[in-house]
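Chemist: My questions will all concern the structure given below.
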Amino acid sequence: METAKEILNKIKEEGVEFIRLQFTDMSGYLKNVAVTATEFPKLLVDKYRIDGGVMFDGTCPYDGELILKPDYDTFTILPWRPQQGKVV
């Protein structure tokens, strides 16, 4: 299991510019948000909050916030992206 510090080191070493946080909604559809590498350390402390309604495709009046928590074990550099400005 990787630690936050190891992930931050990999991001710096590999020249990563964007991190995509992927999740599925209640219907099983893949969703994602992208953050920059400079925003990522703050996300590890404050978490990434999204409007809970996004999980229900607008069909349920959910007013709360949901928190995305990165799963460090799924960290991978996307191979189809350019060598400059890598995306994970």
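Chemist: Excluding ligands and nucleic acids, what accessible area in Å² is computed for Phe40 using a 1.4 Å probe, to the nearest 10?
Modeler: 10 Å²
Chemist: What residues have an amide H closer than 5 Å to that of Glu2, excluding those fewer than 5 places away on the same chain, when H is modeled at 1.01 Å from N in the peptide plane?
Modeler: Long-range HN contacts for Glu2: Asp73.
Chemist: Right, here's the next one. Suppose accessible area is computed on protein heavy atoms with a 1.4 Å probe; arrange Met1, Met26 from highest to lowest.
Modeler: So, going from the largest accessible area down, we get Met1, Met26.
Chemist: In whole Å, how far is the Cα centre of the stretch 65-88 from that of the stretch 1-27?
Modeler: 4 Å
The values are calculated or read from the model by the stated rules, or taken from the named source; none is laboratory data. In this text the structure is predicted, and so the values were computed from the model without any measurement. Side chains included, ligands, DNA and RNA excluded: accessible areas come from the protein's heavy atoms. Shrake-Rupley method; radii C 1.70, N 1.55, O 1.52, S 1.80 Å.
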